[in-house]
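FYI, it's all coordinate maths here, none of it is from the lab. The structure presented is a predicted model; accordingly, all values stated were derived computationally and were not measured. Note: ideal-geometry Cβ built from the backbone for every residue, glycine included; neighbour counts use all protein chains shown.
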Amino acid sequence: MKIFLDTANLESIKKFNDMGLLDGITTNPSLLSKEGGNPKNAMEEITKIIKGDVSLEVVSTEYSGMIEEGKRLREYGDNVVVKVPMTPDGLKACKSLSSEGIPVNVTLIFSSNQALLAAKSGAKYVSPFIGRLDDIGQNGMHLIKEIKEIFSNYNFGTQILVASIRHPLHVIDAAKIGADVVTLPPAVLEKMLHHPLTTIGLENFLKDWEKLKSGNPDIKI
Ligand code: E4P
């Protein structure tokens, strides 16, 4: 399963990329707005730092504007995936951009029917937002299961990118289902790294090593 970071925060991107954990990045207008400044600089920088796919989203709501913006976004790099909303114009733009060889991520997916239509429009990724479904009392992970089942009946080549992830359990569930990608807020990826028994275990190893060293000051590993 690929791990993308769901952020436009350069510090987090550099930190987790340096650890070798990132296969890609997803951004959206809200995430860019959260960072402030000129989004152009952030988009430029992210596409340079990350080797894998970087989703950059259009803000036009009609077809020709999406195509224009999608092509402009692609100028940031060959790793740019154009993100379009799950609307009739978004699907039309997905079809056109995909047939020109420009990869598309269809975002704001909340049903299996929407995922099916996006796949038929040639999307490289569909982004079902599971946390937002959980927020309104629906089961986001059931949606991932259903989309996985539907896609496995056909040869779409479309990848399931699990979005709107809220906690590490979502990641485990997505991996058990066999989702292709999870896109994680930096705080969720940070939580996945840690376990209290790892911290305690390491502290004890180091304490015991110091004990050993106190009798043999010259020893080294
Ligand atoms: C995905 O590409 C979106 O950027 C993101 O996962 C949305 O998550 P949210 O519901 O936490 O805003």
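Some points to look at:
- Positive minus negative residues near residue 52 (Lys, Arg vs Asp, Glu; Cβ under 14 Å): -1
- On Cα atoms only, tilt of 88-99 relative to the major axis of the chain in degrees: 80 degrees
- With Cα atoms defining each centre, the range 187-221 and the range 34-91 are spaced 44 Å apart in the structure.
- Of 96, 127, the sequence from fewest to most neighbouring Cβ atoms within 10 angstrom is 96, 127.
- Note on the chain: GNM, Cα springs under 10 Å; of 22, 197, 161, the largest mean-square fluctuation is that of 197.
- Largest GNM mean-square fluctuation among 85, 39, 196, using the chain with Cα springs under 10 Å: 196.
- Length-normalised contact order for the chain - Cα pairs under 8 Å, 6+ apart - percent: 16 percent
- Built amide H within the under 5 Å cut-off of residue 6, gap 5+: 26, 184
- Against the main long axis of the alpha-carbon atoms of the chain, helix 140-151 sits at an angle near 60°.
- Taking amide hydrogens as placed 1.01 Å from N in the peptide plane, the amide H of residue 109 sits under 5 Å from those of 127, 129, each at least 5 positions away in sequence or on another chain.
- Measuring nothing but how far apart in sequence close Cα pairs (under 8 Å, 6+ apart) lie, relative to its length, the range 80-149 scores a relative contact order of 27 percent.
- Scaling the Cα radius of gyration of the chain by the globular reference 2.2 N^0.38 Å produces a ratio of 1.21.
- The helix-based estimate of mean residue ellipticity at 222 nm for the chain, built from -39,500 (n - 2.57) per DSSP H run of four or more residues and divided by its residue count, is -15500 deg cm²/dmol to the nearest 500.
- Pairs over the 23 Å Cα-Cα cut-off, from the set 40/191; 95/145; 95/148; 48/92; 34/145; 51/145: 40/191; 95/145; 48/92; 34/145; 51/145.
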